[in-house]
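The structure appears below as structure tokens.
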Amino acid sequence: MSHLHLAYFHSFLVILFSLILIFIKIKFPKLKVNLLLLLVLISLLSLISVLRPGSYQSGDLSLHSAIAISFYDTLKDGNFIPRWGGVLCSGYGCPDFLFMYSFPYYVISLFHFIGLSFISSVKLFIIISFVLSGIG
């Protein structure tokens, strides 16, 4: 799906979601709306491009996937506080983990350990972070 079609699709979904909410509010005026559920649904609307299969148009998705692979390999080797990414920087290695926050890569490694691919693990972490940031 091209970027223009995706923009039309997003716009259509936002308008449809808004019309459904207006219809429910008019049809059932005394109905209490669960704001937490509404927030999660609105968050998922903006994550449609992330939910597409495979990679999506992103600046750093492949970079973070490569870093997650190196982080996971370091964990697999028994180093539970990684400091050196052995396959990063064109295979020469570099100390990226000294300067980067490591919690996201621990979570991504856990998702990969459960059985997801690295791309899916990074995307799932992005989705969970986005929804939890709205709730927070």
Q) Looking at this structure, is F97 of a type outside the set (K, R), part of a helix (DSSP H, G or I), within 27 Å of F130 (Cα to Cα) and touching a Lys or Arg at 6+ places or on another chain (Cβ under 6 Å)? A) yes
Q: Would you mind telling me which numbered condition in (1) free of Cβ contacts under 8 Å to residues at least 12 places away in the same chain; (2) in a loop (DSSP other than H, G, I, E, B) S120 fails?
A: (2)
Q. Any idea which of V33, V131 is surrounded by 13 or more Cβ atoms within 10 Å (Cβ to Cβ), out of contact with any strand residue (DSSP E or B) (no Cβ under 7 Å at 6 or more places or on another chain) and of a type in the set (A, V, I, L, M)?
A. V131
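Yes/no per residue for (1) acidic (D, E); (2) within 24 Å of I126 (Cα to Cα):
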residue: I15; (1), (2): no, no
residue: V33; (1), (2): no, no
residue: L44; (1), (2): no, yes
residue: S49; (1), (2): no, yes
residue: D60; (1), (2): yes, yes
residue: R83; (1), (2): no, yes
residue: Y105; (1), (2): no, yes
Q: For the range 66-88, indicate whether the set of residues that are within 30 Å of H10 (Cα to Cα), open to solvent by less than 50 Å² (accessible area, probe 1.4 Å) and part of a helix (DSSP H, G or I) is non-empty.
A: yes
Q: Within the range 92-117, track down each residue that is open to solvent by less than 40 Å² (accessible area, probe 1.4 Å) and at pLDDT 90 or above.
A: P104, Y105, V107, I108, S109, F111
Q) What's the number of the condition A7 fails, among (1) within 18 Å of I127 (Cβ to Cβ); (2) without any contact (Cβ under 8 Å) to a residue 60 or more places away in the chain; (3) outside any loop (DSSP other than H, G, I, E, B)? A) (1)
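The values are calculated or read from the model by the stated rules, or taken from the named source; none is laboratory data. Predicted, not measured: the structure shown is a model, and the values here were computed from it. We place every Cβ from the backbone using ideal geometry, glycine too, and count neighbours over all the protein chains shown. Calculation scope for accessible area: heavy atoms of the full protein, side chains included, ligands and nucleic acids excluded. Shrake-Rupley method; radii C 1.70, N 1.55, O 1.52, S 1.80 Å.
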